[in-house]
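Here is the structure we will look at, set down as structure tokens.
The values are calculated or read from the model by the stated rules, or taken from the named source; none is laboratory data. Just so you know, these numbers come straight off a predicted model, no measurement behind them. Here the Cβ positions follow ideal geometry from the backbone for every residue, glycine too, while neighbour counts run over all protein chains shown.
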Amino acid sequence: MKAAVIVFPGSNCDRDLAVALEKSSGKAPIMLWHRETEVPQGLDLIAVPGGFSYGDYLRSGAMAAHSPVMREVKRMAEKGVRVLGVCNGFQILTEAGLLPGALMRNRDLKFICRDVHLKVENTETAFTRPYTKGQVVRFPVAHHDGNFFADDELLKRIEGNGQVAFRYAGADGTVSDATNINGSRNNIAGIVNGKGTVLGMMPHPERLIEPKLGGADGKPMFDALVEALS
Amino acid sequence: MKAKVHVTLKNGVLDPQGKAIQHALGSLGFSGVDDVRQGKYIELDLAETDAAKAREAVERMCKELLANTVIENYAISIEG
């Protein structure tokens, strides 16, 4: 699997993603600076990392979405290259129009930094295949703007197409307002595009890839990407 | 020319910051504030001298960057 990780000024999870990808694939990903106007040939996966690109100016992800490299990311995504956006990466992908909806300030206005439980919904994508439908996984979150918004019509479309990948849940898999950490509509923590080739999620799978880090629930996602894209 | 842009959350989009401001006003003793919506104000100095063209350009700026039309509305005023 040939992977690239985009690096923006203010990215801070780019190396974590690179470590996770290398651990699964045995091959270090290419680190791509935001000013690049071309991406290497033959990429299988582009990862857009978490952090605070451009200091979250204007809106989280708004500036990064219009950076030179994102034009190429969009072109590659249209060709079916898999794109994974985590946290700020998810915000960037919605701002760039690669994923529907928007991420707003958390309902209680607090920065939330802790492990959360997620219920896996769609397991038909290269990212989520190793999980079983309804499985509960534990991933860390660390965000201020993770409150997923879509209006009623868009929400209906996202749900109808099975584009919800993960929902905030309790340890037992209950999905309710009490388990909705940030006010996201329908507890949505991660979604895919219509083709299932672009995944955006607020929680960080790359932060729990081995027991030494406190858990390994994120590891299967990277292993599965390597398996599907090699 | 000068363009003034107000970006506000659409109706129906929860504005937690507006709500927090409303509560703070209440606790300061300002009663009767039924709702607060917070937004952004952006001023642009433009080289363009034609008001219609300026408005058209700012309209595009709003759609492409200044506002996220999934959640926000924008209002533009052009001043000579």
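Which members of region A:105-127 meet the condition of being within 18 Å of A:Tyr168 (Cβ to Cβ) and in a loop (DSSP other than H, G, I, E, B)?
The answer is A:Arg105, A:Asn106, A:Arg107, A:Asp108, A:Leu109, A:Lys110, A:Phe111, A:Glu121, A:Asn122, A:Thr123, A:Phe127.
Please give the helices (runs of 4 or more DSSP H) falling wholly within region A:1-104 in which 2 or more residues are among the basic types (Lys, Arg).
A:14-25, A:68-78
Filter region B:33-47 for residues that are assigned to a loop (DSSP other than H, G, I, E, B) and of a type in the set (D, E, K, R) and give the result.
Selection gives B:Asp34, B:Asp35, B:Arg37.
Could you tell me which of the residues A:Phe149, A:Phe139 is more than 12 Å from chain B (Cβ to nearest Cβ) and either within 20 Å of A:Gly50 (Cβ to Cβ) or basic (Lys, Arg) (or both)?
Among A:Phe149, A:Phe139, only A:Phe139 is more than 12 Å from chain B (Cβ to nearest Cβ) and either within 20 Å of A:Gly50 (Cβ to Cβ) or basic (Lys, Arg) (or both).
If we scan region B:25-33, do we find a residue that is at pLDDT 95 or above, more than 17 Å from A:Phe149 (Cα to Cα) and touching a helix residue (DSSP H, G or I) at 6+ places or on another chain (Cβ under 7 Å)?
Yes: region B:25-33 contains one or more residues that are at pLDDT 95 or above, more than 17 Å from A:Phe149 (Cα to Cα) and touching a helix residue (DSSP H, G or I) at 6+ places or on another chain (Cβ under 7 Å).
All but one of (1) surrounded by fewer than 21 Cβ atoms within 10 Å (Cβ to Cβ); (2) at negative phi; (3) within 14 Å of another protein chain (Cβ to nearest Cβ) hold for A:Ala96; which doesn't?
Exception for A:Ala96: condition (1).
Let me confirm something: among A:Val39, A:Val5, which residue is within 19 Å of A:Phe127 (Cα to Cα) and surrounded by 16 or more Cβ atoms within 10 Å (Cβ to Cβ)?
A:Val5
From the residues in region B:29-76 that are of a type in the set (Phe, Trp, Tyr) and within 14 Å of chain A (Cβ to nearest Cβ), which one is nearest to A:Leu99 (Cα to Cα)?
Restricting attention to region B:29-76, the residues satisfying the condition of being of a type in the set (Phe, Trp, Tyr) are B:30, B:41, B:74.
Now restrict to residues that are within 14 Å of chain A (Cβ to nearest Cβ): B:41, B:74.
Details: B:Tyr41: 27, B:Tyr74: 22 Å.
Selected residue: B:Tyr74.
Looking at the structure I just gave you, is A:Val120 modelled with pLDDT of 95 or more, β-branched (Val, Ile, Thr), under 26 Å from B:Val13 (Cα atoms) and touching a strand residue (DSSP E or B) at 6+ places or on another chain (Cβ under 7 Å)?
Taking the combined requirement at face value, the residue does not satisfy it.
For region B:3-32, name all the residues that are touching a strand residue (DSSP E or B) at 6+ places or on another chain (Cβ under 9 Å) and assigned to a loop (DSSP other than H, G, I, E, B).
Of everything in region B:3-32, those that are touching a strand residue (DSSP E or B) at 6+ places or on another chain (Cβ under 9 Å) and assigned to a loop (DSSP other than H, G, I, E, B) turn out to be B:Lys10, B:Asn11, B:Val13, B:Leu14, B:Asp15.
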